[in-house]
Amino acid sequence: MHTFYTNETDYRLVEQLIFEWARRIDENRVEEIADLLVPNGRYTVQSRFNLDRNLPHCSIDCHNTAQLRDRILSMRIANIYERHHYRHMISGIQILKKENNLLEVVSNFSIIRTMELDGQIQIIFTGQARDEISIDQQTILFTKRHLVFDSRAIETLLVIPI
């Protein structure tokens, strides 16, 4: 039987951090997600297929907030894509363990994309977030955000971080 870390205060703070990440993307405040990651934190989006086979390819792999901010800036000024919106559904948040001030956290996600022009709605991602979160008396931030999507490939261009 696996035991889980069950501090209610930490759990609520973790839950709010995860929800805030999703809300900033869903409300088109994508630039603000970098503020939820420590400066040298890592943000990775990878297929479950690659992860299960220890294949290193990731759809997005930012090794710090500067890389994440650069990706978001290019999304805003360089990429051309049909305007669309995301809506995140988050469930199953669990704190697996705490060592010092680092929490190992997993949660499930699904992301619905709505195309602005024709209103087409589609579930584009389902998967699991595998996070490492730093928590102390003043701050709670992601140190690693590893989003593993269930499908083998991405159907369309992944422009907006998930």
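So in region 80-96, with the set limited to residues that are exposed (fewer than 11 other Cβ atoms within 10 Å of the Cβ) and more than 17 Å from the chain's Cα centre (by Cα), which one is farthest from E27 (Cα to Cα)?
At the first step, the residues of region 80-96 found to be exposed (fewer than 11 other Cβ atoms within 10 Å of the Cβ) are 80-81, 83, 91-92.
Narrowing the set further to residues that are more than 17 Å from the chain's Cα centre (by Cα) leaves 80-81, 83.
Values: I80: 19, Y81: 18, R83: 13 Å.
Among those residues, the one meeting the criterion is I80.
Taking T3, is it out of contact with any Ser or Thr (no Cβ under 8 Å at 6 or more places or on another chain), more than 20 Å from V148 (Cβ to Cβ), surrounded by fewer than 16 Cβ atoms within 10 Å (Cβ to Cβ) and of a type in the set (V, I, T)? Even if it seems obvious, please write down each step before you answer.
Working: out of contact with any Ser or Thr (no Cβ under 8 Å at 6 or more places or on another chain): yes; more than 20 Å from V148 (Cβ to Cβ): yes; surrounded by fewer than 16 Cβ atoms within 10 Å (Cβ to Cβ): yes; of a type in the set (V, I, T): yes.
Answer is yes for this residue.
Can you find a residue that is farther than 20 Å from G41 by Cα and among the aliphatic types (A, V, I, L, M) anywhere in region 125-147? Walk me through it before giving the result.
First, the residues of region 125-147 that are farther than 20 Å from G41 by Cα: 125-127.
Still in the list and also among the aliphatic types (A, V, I, L, M): none.
No, every residue in region 125-147 fails to be farther than 20 Å from G41 by Cα and among the aliphatic types (A, V, I, L, M).
Take the residues in region 24-79 that are of a type in the set (S, T, Y) and touching a strand residue (DSSP E or B) at 6+ places or on another chain (Cβ under 8 Å); name whichever of them is surrounded by the fewest Cβ atoms within 10 Å (Cβ to Cβ). Don't jump to the end; show me each part of the working.
So in region 24-79, the residues of a type in the set (S, T, Y) come out as 43-44, 47, 59, 65, 74.
Next, only the ones that are touching a strand residue (DSSP E or B) at 6+ places or on another chain (Cβ under 8 Å) stay: 43-44, 47, 59, 65.
Working: Y43: 26, T44: 17, S47: 20, S59: 15, T65: 19.
Within region 24-79, the match that is surrounded by the fewest Cβ atoms within 10 Å (Cβ to Cβ) is S59.
Filter region 21-51 down to the residues that are part of a helix (DSSP H, G or I) and basic (K, R), then identify the one that is farthest from I135 (Cα to Cα). First the steps, then the outcome.
If we filter region 21-51 for residues that are part of a helix (DSSP H, G or I), which is where we start, we get 21-26, 30-36, 48-51.
Among the residues that remain, those that are also basic (K, R) are: 23-24, 48.
Numbers: R23: 20, R24: 20, R48: 28 Å.
Restricting to residues being part of a helix (DSSP H, G or I) and basic (K, R), the top hit is R48.
Considering only residues that are exposed (fewer than 12 other Cβ atoms within 10 Å of the Cβ) and of a type in the set (A, V, I, L, M, F, W, C), which ones fall in region 122-138?
Applying the first criterion (exposed (fewer than 12 other Cβ atoms within 10 Å of the Cβ)) to region 122-138 yields 123, 136-138.
I123, the sole residue that qualifies.
Go through (1) among the hydroxyl-bearing types (S, T, Y); (2) more than 13 Å from the chain's Cα centre (by Cα); (3) not in a loop (DSSP other than H, G, I, E, B) and name the single condition Y5 misses.
(3)
Testing L141 on (1) more than 18 Å from the chain's Cα centre (by Cα); (2) hydrophobic (A, V, I, L, M, F, W, C); (3) surrounded by 12 or more Cβ atoms within 10 Å (Cβ to Cβ), one condition comes back false. Which one is that?
Only one criterion is unmet by L141, namely (1).
Read-outs throughout are calculated quantities, based only on the coordinates presented, and are distinct from any laboratory measurement. Keep in mind the model is a prediction, meaning the values are calculated, not measured. Reconstructed Cβ throughout: ideal geometry from the backbone, glycine too, with neighbour counts over all protein chains shown.
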